[in-house]
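Encoded as structure tokens, the structure appears first; notes follow it.
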Amino acid sequence: MEGLPLFSVPYETPFIAIGKIVADSLAADTYAGLESLLRGHQVLAAALLGGGGISALLRELAPMLGTDVALFQYGTRVAGTFPAVPDAEQVVWHRVPVATGLKDRCTLAFREPYRHAAIVDYAQSLVSVELSNQARRRTSERAAAGQLLQDITRGTLGGPEAAARLASAGIDAGTRQTVVMVDVASGHQRALRTLPLPAGWESAVAAILDDRLVLLTGAADVGHLAQDLSSYLHGAGFTAQVGVGGSYLQPHGLRWSYFEAREALTHGRRVNRADRLSLMSLLLASDDVPLADLAAETLDPVAAFDARHGADLMTTLEKYLSLNGSVAAVADALQLHRNTVRYRLQQLIDLTGYDPGITADRVHLYLALKARSLR
């Protein structure tokens, strides 16, 4: 048969001797493979634990496999062995899942052509453990930072003590700081506790407060960073809004920026820049004013009526207030007859006891709507 290797041995050589040579050769190959695998384990573990983290691990793994390696999490490349340039999107990857305990679509990816090697199984386990540890650290750090931020924004901590506490958390109150706030759809808030941040946010301090991710940064290009953050969040599958406050000095400035970012979220866009801070936003931010209770007492009967009858009274009220009380403008916007709008306004009066045509009542209804939107 062509290509079949042939060899001859002296006739007197027993077959058992040939079998022993083959067995010894196979055992030597197996031992060498295991020895090489063990060395690989040691190299990868040393790279990960030596301060280089996952990036160092991937740099050591790539030459072992003879191909580029990358790690993807939440649909985004978070580490790799070649620059993340536009052409990289055309790379064909062989992906293997990495279990992290999160719904993060985490995969270890190898650039084709790729042949499986035993070292990959160990790399998967190392990356899994490291990402799980990172998630736990983020949860703890963001909870602690959230408590600090809560104390400052609610006014229970201020002055030199606040500055010292901020410094211990890595925030220099003597330089301008900006608050960037992330709000995601209901059911996804837990992910914000562990969510890794995209490039550019490495120096930011992250906190969780009121189920929102709050980022404190001294970066000058915060507008571009906020846009990148929004793109990252939507690419990761989140329905998210980003609110950006102003840039201020000192702990009290941090409070202003926080309130501005929170109010900016009410604009409803993917990225929302702060307007001038208003009296309304301060009322909404105050724990001493029971606006949530006011909103519920005033508007829950309207919401219940809409749910039972499909009456759209809440929408009519929102339009009436946003269009400065013009019945004609509301009728045009909702494509209704003016008498229908008037009838709905009378129903609102009957249900709430407040007349949106009276200035004081209109302010009450406006605050109730704003408070309800922040629930």
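If you check every pair at least six apart or on different chains, which have Cβ atoms under 9 Å apart with a residue in segment 304-316 that is farther than 19 Å from G357 by Cβ first and a residue that is in a loop (DSSP other than H, G, I, E, B) second?
F305/A311; D306/D312
Quick check on my filter: what residues within segment 225-271 are of a type in the set (D, E) and crowded, with 20+ Cβ neighbours inside 10 Å?
Correct list: E260, E263.
Are there any strands (runs of 3 or more DSSP E) wholly within segment 210-291 with 1 or more residues that are farther than 30 Å from A164 by Cβ and at pLDDT 90 or above, and if so which?
240-248, 271-273
For segment 110-142, which positions are crowded, with 17+ Cβ neighbours inside 10 Å and farther than 23 Å from L49 by Cβ?
R111, Y114, R142, listed by residue number.
Which count do you get for residues in segment 216-238 that are free of Cβ contacts under 8 Å to residues at least 24 places away in the same chain and among the polar types (S, T, N, Q)?
1
Residues of segment 235-269 being among the β-branched types (V, I, T) and over 30 Å from G75 (Cβ atoms), which ones?
Correct list: empty.
Among the residues of segment 188-209, write down those that are more than 13 Å from the chain's Cα centre (by Cα) and assigned to a loop (DSSP other than H, G, I, E, B).
G200, E202, S203, A204
Would you mind stating whether L148 is hydrophobic (A, V, I, L, M, F, W, C), in a helix (DSSP H, G or I), touching a Ser or Thr at 6+ places or on another chain (Cβ under 6 Å) and crowded, with 18+ Cβ neighbours inside 10 Å?
no
Could you tell me how many of the residues in segment 330-352 are loosely packed, with under 14 Cβ neighbours inside 10 Å and either in the same structural domain as T266 (by TED's automatic domain parsing) or in contact with a Ser or Thr (Cβ under 8 Å, 6 or more places away or on another chain) (or both)?
Total meeting the criteria: 0.
Given the options R137, R142, name the one that is without any contact (Cβ under 8 Å) to a residue 60 or more places away in the chain and under 27 Å from the mean Cα position of the chain (by Cα).
After applying the criteria, what remains is R137.
When the residues of segment 59-83 are filtered to those that are in contact with a strand residue (DSSP E or B) (Cβ under 6 Å, 6 or more places away or on another chain) and among the polar types (S, T, N, Q), which remaining residue is modelled with the lowest pLDDT?
So, considering only residues that are in contact with a strand residue (DSSP E or B) (Cβ under 6 Å, 6 or more places away or on another chain) and among the polar types (S, T, N, Q), the one modelled with the lowest pLDDT is T81.
Spot the failing condition for K103; the list is (1) more than 30 Å from L209 (Cβ to Cβ); (2) modelled with pLDDT under 85, and only one is missed.
With respect to (1) more than 30 Å from L209 (Cβ to Cβ); (2) modelled with pLDDT under 85, K103 is out only on (1).
Among the residues of segment 175-183, is there at least one that is assigned by TED's automatic domain parsing to the domain that holds Q250, over 16 Å from R262 (Cα atoms) and crowded, with 22+ Cβ neighbours inside 10 Å? Break it down into steps so the answer makes sense when it comes.
The first filter runs over segment 175-183 and keeps only residues assigned by TED's automatic domain parsing to the domain that holds Q250, leaving 175-183.
Pick out the ones that are also over 16 Å from R262 (Cα atoms) and you get 175-176.
Still in the list and also crowded, with 22+ Cβ neighbours inside 10 Å: none.
No, segment 175-183 contains no residue that is assigned by TED's automatic domain parsing to the domain that holds Q250, over 16 Å from R262 (Cα atoms) and crowded, with 22+ Cβ neighbours inside 10 Å.
The values are calculated or read from the model by the stated rules, or taken from the named source; none is laboratory data. What you see is a predicted model, and the numbers here were worked out from it, not measured in a lab. FYI the Cβ positions are ideal-geometry reconstructions off the backbone, even for glycines, and counts take in every protein chain you see.
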